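Enquirer: Structure below; questions to follow.
Each reported figure results from applying straightforward, stated rules to the coordinates on display, with no laboratory input. Owing to the predicted nature of the structure, the values given are computational and were not obtained by experimental measurement. Methodologically, a virtual Cβ is constructed for each residue, glycine included, from the backbone with ideal geometry; neighbour enumeration extends over all protein chains shown.
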Amino acid sequence: MPTAMIRLLNVNGNVSDMDNLKADIIKSVEVSFLAVVSLLGVLGNLLVIFSVFHSRAVHRGGNEFLINLAFADLLASSIK
């Protein structure tokens, strides 16, 4: 049934079950998306930190700044 018809059938003025279902689906999609983005952020930053510490060829002054950025972003993405 279309949403407009469901609202017309609801004569009490209450929010219909279909509206609640749509809100729950949208909320679960948003939460899932944010969880995936946070997880990718944490894994990506850990990979950057590991690769700089693991390889001696990249032990240079500019990469210290990269480690600091990755660590700060790791903290920010893990707090979300």
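Enquirer: Of all residues in region 46-79, count the ones that are among the acidic types (Asp, Glu) and within 22 Å of the chain's Cα centre (by Cα). Working first, answer last.
Expert: Our first condition is that a residue be among the acidic types (Asp, Glu); within region 46-79, this holds for 64, 73.
With the extra rule that they be within 22 Å of the chain's Cα centre (by Cα), the set shrinks to 73.
Counting residues in region 46-79 that are among the acidic types (Asp, Glu) and within 22 Å of the chain's Cα centre (by Cα) gives 1.
Enquirer: Kindly list, by first and then second residue, each pair from a residue in region 52-68 that is closer than 17 Å to Val42 by Cβ to a residue that is of a type in the set (S, T, N, Q), limited to pairs with Cβ atoms under 9 Å and residues at least 6 apart or on different chains.
Expert: Matching pairs, first to second residue: Val52/Asn63.
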